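Have a look at the structure below, then the notes.
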Amino acid sequence: LGPLYQAIRGRQVLVLRYRPFGAVEAWEATVQPYLLKQYNHRWFLIGQGIKPGSVKGAYITAVKIGSAAALAGIKTGDIIQGIDDVDVNSSVELSERIARHHPGDKITLKYKRGTTVSTADVTLKEQESVTDNQSAIADATIAQKLGASFSPLSSAFKQRYRMNTGLAVTDVDPGGLFAEIGIQRGSIILRINGQQINSVVDIKKTFSAATNGIARFECLTPDGSIVVFNLSLGA
């Protein structure tokens, strides 16, 4: 399991070869793994099958309400493939291209939705800061973005299970991102982008500090398995 876990953490594309018992030849699949889960005493690797060279771009996992992308009609599940006639092959390239512009600049995004490729004109907005008296609103925004609510782990819980970090998922919205990924109530967020998480404030800090527009979650699920997944913050 070690190489699979490292591939998820390192955002590596894997080429898997498998030969069933009694078969003469092995079959091969190219996969972008994003979740490793244990169920009924078996381990399952969940990811996106990739036909080499067939899909390029930045996959949008969430769109912030009121953001420039949302106002332009970009939706969760879209794949951004270009900015101003320049191809984009990854979330990193998307963030780098956007970083070259300033608030108020207009850009044209080329995106794929299903089998349809379209364009959208976007006017970039200045990122709003969150002050102390807006913290409750910001907490609600985090909960809405992830589709879950959270609570810090008690000292007694940490001592009992010998944990020094973690933020408990106390509720999951059936139609939210966590439910879609498979994160259950009772799961514990351990780290985001390698930083320990103990509060919603820590989540906000890691989101703000994400230089490549990606938040990489490491979670402990109620059945004891570790789930790793990426959340795009670029849109």
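We did not get these values from a lab; they are worked out from the coordinates using the rules stated. Computed from a predicted structure; not experimentally measured. Here the Cβ positions follow ideal geometry from the backbone for every residue, glycine too, while neighbour counts run over all protein chains shown.
Remarks
- Cross-link reach list, lysines versus Lys125, counting only Cα pairs under 30 Å and skipping chain neighbours closer than eight places: Lys56, Lys64, Lys75, Lys106, Lys110, Lys112, Lys145, Lys204, Lys205
- Here the label points at Gln159 and Asn198, each 7 Å from Cα along the C-beta direction, are separated by 1.5 nm in the simple model.
- Basic side chains Lys and Arg get +1 at the Cβ, acidic Asp and Glu get -1 at the Cβ, and with that the dipole of region 132-232 about its Cα centre reaches some 320 debye.
- Proximal charge balance of Phe44 [Cβ under 14 Å; K/R count +1, D/E count -1]: +1
- Summing charges over neighbours of Pro222, with a neighbour being any other residue whose Cβ is under 15 Å away from its Cβ, gives 0 when K and R count +1 and D and E count -1.
- FRET E, pair Ala179, Arg100, Förster distance 25 Å, beta-carbon r, rounded to 0.05: 0.10
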